[in-house]
Amino acid sequence: MKLTILGGAGMRTALLVNGLVRHSEELHFDEIALFDADEERLKVMGRLSQYIAELNQASFRVTFTTDVREALQGADFVFSAVRVGQEESRVNDERVALKYGVLGQETTGPGGFAMALRTIPVMLEYTRIINEVAPNAWLLNFSNPSGLLAQAMNTYGHCKVIGICDAHAGIKNALSKFLGVHFSRLQVDYYGLNHLGWVPRVYKDGVDQMPMLLDRFEELAKDAHIFSFFDPELIRNIGMLPNEYLYYFYYHDLAVRNILEAKETRGEQIVKLNRPLLERITPLVREGKLAEAWKDYNETLDKRSSTYMSKETSGQLHNVHEHEAPAHSQFEEEGYEGLAINVMKGIHLNKQQILTLNVPNRGTIAGLHDDDVVEVPCVVNANGPSPLTVGKISDLAMSLIQPVKTYERLTVEAAVKGDYQAALNALTVHPMVPSFTVAKSILDEYIQVHKAYLPQFQ
């Protein structure tokens, strides 16, 4: 089996390959092909990834190339970890929004919007090539904003696309720890959009634990950092457990204030970690000192994960989540990579399981369009993912889902067609953007600072 990684020069590629080693025999990997347009970075991450495979006597070989067709040719699965504009563009996304008192986080709000405008045209071109050279492949998208990109690719793409996010797995693991049972004994219901979801029910041995969890929320928040910055009053009022990213919606003013007081954004944190790391390990890799490079790489990525969401929450949260999972995480249960492995097992081995994924709605959540991409539990087997019916959801949840989904639809249209009006409407309706005038100011500045990546608007 061949797996292709788009964005193979990303800083987490070697860690991903290290995790894949543990599953190579079960999934019968023959080749892990890395693609990236950045040839110099790709050489470093490609050689380090080859070292990891060789060190662990992996059954697969690692190849790397700047030719996307070569990388995709004959692929069975494709992982997307693309970052158009690298970390420097992420910093611009954050700083432009903060200038107008708005959060610039890379997966939601104006930051996610800017990243989507840059990334959607690139990903649609990749899906066209996948359809030509690997028509049976499944594309598992890690690239942020994951749900919005899944919306674009399911609407305009040419291949089979699943959006990946591990938020649900993180919640389930936290609850299994708090309740003192193995995660397999829990059924944790979930619905929403990517980074905008809620847990309405938690079953253990057929009994809903939510009333107890709400009553003991203070204890849960002390035990699980992902809940630690939500007020118990808020949680009891909504009657559900939130995805941690709802912090940005429920406490938008605090998140902005905390970042401004910290005088450093998350993107700036990562640039300060990644850039020196790359400068240190590049000569080590070139000189064949791969063990030294691997040690430095692991230590730095652990440090990166320990500061996740710390600026926005004024240092309250040091959490393992998504791309921030440390090297020692339980691969099958945590991280985007762990969820993707389970998806591949479900499809390739017909190992049926229930996983929470970003897929077209098709009547799953009442009140949304059939082609709206939602984040819900799905049965996954050789036929791919089939979403489980949710039905009517809480009015409190829908009051956020509806405007954000409208924003997502408009953002996709803007990115694909270079439609300025659609882009302006998208930002105007987003709950985090306070007014039309702020939306217009942010949009105009994004188009200027990202003009090299937004030819559709020039």
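Values in this text are rule-based calculations from the coordinates and carry no lab data. Note that this is a predicted model, so its numbers are computed, not measured. Note that each Cβ is placed from the backbone with ideal geometry, even for glycine, and that neighbours are counted across all protein chains shown.
Structure summary
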| item | result |
| --- | --- |
| Over segment 2-164, volume per residue of the alpha carbon convex hull, in Å³ | 99 Å³ |
| For the chain, size of Cβ-based charge dipole, Lys and Arg +1, Asp and Glu -1, in debye | 160 debye |
| Lys/Arg +1, Asp/Glu -1 at C-beta; segment 130-230 dipole; positive extreme among G157, N194, F217 | G157 |
| Helix-derived mean residue ellipticity, 222 nm - over the chain, DSSP H n ≥ 4, -39500 (n - 2.57), to 500 | -16000 deg cm²/dmol |
| Cβ-based net charge around R236, under 15 Å, with every Lys or Arg adding one and every Asp or Glu removing one | -4 |
| Cut-off under 5 Å, modelled amide H: who pairs with D372 long-range | N361, R362 |
| Ranked list, fewest to most other Cβ atoms within 10 Å of each Cβ, for K2, K392, K177 | K392, K177, K2 |
| Separation of alpha-carbon centers, segment 54-87 and segment 16-37, rounded to whole Å | 8 Å |
| Test item: Cα-centred dipole of segment 1-150, Lys/Arg +1 and Asp/Glu -1 on Cβ, debye | 340 debye |
| Residue pairs, from the table K222/K392; K2/K177; K177/K222; K2/K417; K303/K345; K99/K263, whose Cα atoms sit over 24 Å apart | K222/K392; K2/K177; K2/K417; K303/K345 |
| Charge context of E445, other residues only, Cβ under 12 angstrom, K/R +1, D/E -1 | +2 |
| Compactness of the chain, expressed as Rg and Dmax over alpha-carbon positions, Å | 20.9, 60 |
| Alpha carbon centroid spacing (whole Å) that separates segment 93-121 from segment 340-394 | 28 Å |
| Cβ-based exposure ranking for L388, L193, L175, in which fewest neighbours within 10 Å come first | L388, L175, L193 |
| Projected-area average for segment 253-306 over all orientations - Cα convex hull basis, square nanometres | 3.9 nm² |
| Among 4-13, 39-48, the order from most to least packed when residues are scored by Cβ within 10 Å on average | 4-13, 39-48 |
| Whole-Å semi-axes of segment 347-458's equivalent ellipsoid (Cα gyration tensor) | 33, 19, 10 |
| Cβ-based charge dipole, segment 2-164, positive-most Cα from F79, T107, S49 | T107 |
| The chain - percent relative contact order, Cα under 8 Å, separation 6 or more | 15 percent |
